[in-house]
Amino acid sequence: MVRTLIQGGWVVGFDGAAHELIPDGVVVYEDDRILYVGYRFDGQTDRTINARGKLVMPGLVNCHLHLGSNATHAFFLDETRADYFGSNFYAYAVGRRGTGDPREHDRTDVQQLYGLWSAIRGGATTVVDVGTRNAPEVARLAGQIGARVYIGPPFRTWAYAYDERGQIQWDDDPRSGSAGLQRAVAFAREHDGTHNGRVRCLLYPAQLDTCSPELLQETRRAADETGLRITLHAAMNMIEFHKIVREHRLTPLQLLHQIGFLGPDVLLGHCVFHAHHSWAHYPYADDLDLLADSGASVAHAPYKYAKMGVKLESLERYRKLGINVALGTDTFPQDLVSEMRQASLMARFADGSYKVGKPKDVFDAATLGGARALGRDDLGRLAPGARADLLIVDLQTMQYGAVRDPIKSLVECGTARDIETIVIDGQTLVEGGQAVTLDEAALLREIQAAGERSWAAAPGWHWSGASVDEIAPMSYTIRDVPATVDDCPMG
């Protein structure tokens, strides 16, 4: 066993109920567990890390992301149409009938490895990959590079597809449904708890509007029988909201409540469009009260929605009702430090008040909120017995200046680039800002090549046959290359 002492700096400790700050503190971990957090440690240690002038904090929990969507994320804000109503993910995840998922048109192993490593570099020591494609490969990759992941293959009743008019349709998916759920349970039996417990499994019925109530109820029963947790996209856009209201005369959250789906083991992706959201304007339901009473958690991805001109209404309202809110990045970038700042700012825009969205609130969401959403009291905190998942952040850079409150400085000024050390389960993955378990230069070359192939393939799956230049025009025109050397000015 190897015992490591981190000496000096600001330490984010945990008093059993909440985070606390320990200036010039120490953290000691032995193998995969935290041994001691405090001001002084007199015991024997094998290794010492000097963290003076730095922030020693628990690893963050990214509760909602899609690992294999980096290249296709270029299509997210598709300029060929405007009728998404907050469902812009269709633009990169849905192809025209017969072409399948656009993300399947290139090597998923490269895309997923990049997504996983990018999330870790973004400060996440626990990653929830929502709807894992090629799940066995992701489990293998997590074991290889030392990641902590929650994964599960998706299943659904209907698949999204674009028709020839460019309208979204819900087509029967006979290969999925109950059979897909059973495959997900079988996958969990084989992989849950592997790699020293770093690979965990969950059940993922894909989206509320792609799953029948019967499939959701079957998922609920499977979760109760197996102890697996559930994550589901719900209340995520206005197309879904109106479809559910039209078909069931209930809001998305009312439907989930009525069929007995919600519970403390459920993590809802986004959950933005509740009945009283300004876009929904549906004053006939108390969605957030139902959500609060159920004990379900929400994975909030503020930057993804900000790009669409949408905000959660509001983080403060959810918190006051006792709804557990965790953070996720959803797509890219996967910088969870910056995501905390986005969550803080969007909360203030939503409420028109600078007294909400406090740095402590979003830091809690990215740590304790994520741990609670996963039912883990050994993650998201630095305390004896907790997993040795931690970050060391360099606060001695020009964007910080004088630091009085390290949490405020981190949320208001920081980015993931300030993280110089990343430890997961006691294993150092990044040290001194350099990757230890992976060749980043090679990975970047591979992901660039994958991106080029994905962008070139766009006409083959886009509903209109549009090219990447039509879907995502360049910010500026590209200057023509001179035809000959004689065309180049001298001097």
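The values are calculated or read from the model by the stated rules, or taken from the named source; none is laboratory data. Nothing here was measured: the structure is a model prediction, and the numbers come from that model. Note: ideal-geometry Cβ built from the backbone for every residue, glycine included; neighbour counts use all protein chains shown. Quick note on the areas: whole protein, heavy atoms, side chains included, nothing else; ligands and nucleic acids left out. Shrake-Rupley method; radii C 1.70, N 1.55, O 1.52, S 1.80 Å.
Structure notes:
- Count of segment 391-400 residues which are in contact with a helix residue (DSSP H, G or I) (Cβ under 8 Å, 6 or more places away or on another chain) and either β-branched (Val, Ile, Thr) or farther than 26 Å from residue 29 by Cα (or both): 4
- For residue 45, the criteria (1) out of contact with any strand residue (DSSP E or B) (no Cβ under 8 Å at 6 or more places or on another chain); (2) part of a loop (DSSP other than H, G, I, E, B) hold in every case but one, which is (1).
- Filter result (of a type in the set (D, E, K, R) and not in a loop (DSSP other than H, G, I, E, B)) within segment 153-199: 171, 172, 183, 189, 190
- Qualifying residue in segment 267-288 (condition: assigned to a helix (DSSP H, G or I) and either closer than 29 Å to residue 223 by Cα or out of contact with any Ser or Thr (no Cβ under 9 Å at 6 or more places or on another chain) (or both)): yes
- Here the helices (runs of 4 or more DSSP H) wholly within segment 305-424 that include at least 1 residues being surrounded by fewer than 18 Cβ atoms within 10 Å (Cβ to Cβ) and at pLDDT 95 or above are 315-320, 336-351, 359-364, 406-413.
- Qualifying residue in segment 195-212 (condition: surrounded by fewer than 20 Cβ atoms within 10 Å (Cβ to Cβ) and over 27 Å from residue 144 (Cα atoms)): yes
- Any hit, segment 141-152, residues being touching an Asp or Glu at 6+ places or on another chain (Cβ under 8 Å), more than 30 Å from residue 394 (Cβ to Cβ) and at pLDDT below 90: no
- Count - residues of segment 436-481 that are surrounded by 12 or more Cβ atoms within 10 Å (Cβ to Cβ), assigned to a loop (DSSP other than H, G, I, E, B) and of a type in the set (S, T, N, Q): 3
- Inter-residue pairs, beta-carbon under 8 Å, first under 17 Å from residue 98 (Cβ atoms) and in contact (Cβ under 8 Å) with a residue 24 or more places away in the chain and in segment 168-181, second assigned to a loop (DSSP other than H, G, I, E, B) and open to solvent by less than 20 Å² (accessible area, probe 1.4 Å), 6+ apart: 168/87; 168/94; 169/163
- Segment 219-242, residues that are of a type outside the set (Gly, Ala, Ser), in contact (Cβ under 8 Å) with a residue 40 or more places away in the chain and closer than 19 Å to residue 151 by Cα: 219, 220, 226, 228, 229, 231, 233
- Cβ-Cβ contacts under 7 Å between residues 6 or more apart (or on different chains), taken from a first residue in segment 345-368 that is in contact (Cβ under 8 Å) with a residue 60 or more places away in the chain to a second residue that is surrounded by 18 or more Cβ atoms within 10 Å (Cβ to Cβ) and assigned to a loop (DSSP other than H, G, I, E, B), are listed as 367/380; 367/381; 368/380; 368/381.
- Complete set of residues in segment 278-325 that are within 23 Å of residue 83 (Cβ to Cβ), without any contact (Cβ under 8 Å) to a residue 60 or more places away in the chain and among the hydroxyl-bearing types (Ser, Thr, Tyr): 278, 282, 303
- Within segment 403-423, the residues that satisfy the criterion of being in contact with a helix residue (DSSP H, G or I) (Cβ under 9 Å, 6 or more places away or on another chain), more than 12 Å from residue 121 (Cβ to Cβ) and aliphatic (A, V, I, L, M) are 403, 407, 410, 411.
- Every condition in (1) within 19 Å of residue 387 (Cβ to Cβ); (2) touching a residue at least 40 places away in the same chain (Cβ under 8 Å); (3) not in a strand (DSSP E or B) is met by residue 17 except one, and the failing one is (2).
- Residue 35 vs. criteria touching a residue at least 12 places away in the same chain (Cβ under 8 Å), assigned to a strand (DSSP E or B) and open to solvent by 40 Å² or more (accessible area, probe 1.4 Å): yes
- Being within 22 Å of the chain's Cα centre (by Cα) and part of a helix (DSSP H, G or I) holds for only one residue in 202, 253, and it is 253.
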